[in-house]
Amino acid sequence: MSEAAQTLDGWYVLHDFRTIDWTAWNDATPEEREAARRDLFALVNEWEEVEGRKEGSLALYSIVGQKADLVFMHLRETLQELNAVENKFNRSAFARFAKPAYSYVSVVELSNYMGQPGVDPMQVPEIAARLKPILPKTNHICFYPMNKRRLLGDNWYMLPMEERKAMMRSHGMIGRSYAGKVKQIISGSVGFDDWEWGVTLFSDDSLQFKKLVYEMRFDEVSARYGEFGAFYVGIRLTRDGLSELLK
Ligand code: 76R
């Protein structure tokens with residue numbers, strides 16, 4: 001058996017994609033719409049307070065295209081807290097207008113492919129901080145789930161550790177050339193959801209997502225072993241943006 005990569009696991013992640021039921025919204029009374037707006041803003045306030053206490057984080061984006069209208073990306077210490085966030089949202093007056101579109105459950109993950117021998121990664125403050133990240137407030141988000149291939153000829157999980165390390169080094173070098181332009185959060189979802197990882201990218205320039213993902217397609221680890229799910233791209237929703245949307 002090949003040696004399994006060791007993972008460091010941080011906060012749990014829920015990507016909660018919603019579609020706004022505009023017909024229901026337009027048919028609702030002004031009082032019902034106001035109650036929905038009030039509940040939503042109260043929840044956003046609460047989530048931002050959690051972030052302020054560094055007990056979790058929130059990213060709220062408007063999704064472009066028909067797959068969804070909104071994504072709430074929540075980070076919490078435990079799966080229980082994440083579930084409580086979801087349930088509270090579902091009980092709110094806004095949820096009646098926000099139909100589930102897609103969701104993804106995972107945990108922030110760093111693997112030891114790039115680790116230094118003899119160094120306890122948890123003693124490196126930058127690494128510990130990356131496991132419990134306060135999500136960037138960039139203009140854009142990109143999310144997609146992915147797997148590493150397990151075919152007879154091309155099976156990532158049967159490669160020796162050294163080969164995987166070499167490929168991940170090449171992957172990491174491409175990633176690093178986007179430093180300052182794209183921030184990535186890799187979250188592991190084996191045992192939690194339908195794919196093996198969730199990839200969440202943040203950037204102020206949406207075109208950098210295309211450039212990064214495209215460049216990686218030519219790198220062996222993506223070219224030979226990457227399998228991808230649906231892609232979601234979004235625009236940051238500030239409080240003003242949210243008010244404008246729900247006018
Ligand atoms: O954690 C680190 O920064 C160390 C290097 C590194 C690892 C171990 C790294 C760097 N990644 C790692 C692991 Mn990555 N990453 C992706 C995608 O679209 C595609 O083709 C792939 C989707 C992107 C865009 C991306 C970006 N990475 C992983 C893993 C887990 C692999 C495993 O355990 O088998 C996956 C699935 C994955 C996928 N990666 C980087 C980036 C970027 C931008 C970096 C550089 C980060 C930096 O140094 O600042």
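The values are calculated or read from the model by the stated rules, or taken from the named source; none is laboratory data. Not measured: the values here are computed from a predicted model. When we count neighbours, we look across all protein chains shown, and the Cβ atoms used for this are built from the backbone with ideal geometry, even at glycine.
Away from the ligand (no atom under 13 Å from the Cβ), among the basic types (Lys, Arg) and within 22 Å of the chain's Cα centre (by Cα), is that true of residue 99? When the stated conditions are applied, residue 99 passes them.
Looking across the stretch 188-242, the residues that are crowded, with 17+ Cβ neighbours inside 10 Å, aliphatic (A, V, I, L, M) and either within 11 Å of the ligand (Cβ to nearest atom) or on the phi > 0 side of the Ramachandran plot (or both) come down to 199, 201, 212, 213, 216, 221.
Okay, residues lined up against (1) touching a Lys or Arg at 6+ places or on another chain (Cβ under 8 Å); (2) modelled with pLDDT of 95 or more:
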residue: 113; (1), (2): yes, no
residue: 117; (1), (2): no, no
residue: 121; (1), (2): no, no
residue: 126; (1), (2): no, no
residue: 161; (1), (2): no, yes
residue: 167; (1), (2): no, yes
residue: 179; (1), (2): no, yes
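Within the stretch 8-53, the set of residues being within 16 Å of the ligand (Cβ to nearest atom) and loosely packed, with under 15 Cβ neighbours inside 10 Å comprises 9 only. Remark: pairs (first residue in the stretch 101-123, closer than 28 Å to residue 15 by Cα and in contact (Cβ under 8 Å) with a residue 60 or more places away in the chain; second residue assigned to a helix (DSSP H, G or I) and of a type in the set (D, E, K, R); Cβ separation under 7 Å; 6+ apart in sequence or on different chains) = 110/130; 113/164; 113/165. The residues of the stretch 7-45 that are touching a residue at least 60 places away in the same chain (Cβ under 8 Å) and under 19 Å from residue 77 (Cα atoms), listed by number, are 7, 8, 9, 10, 11, 12, 13, 14, 15, 16, 44.
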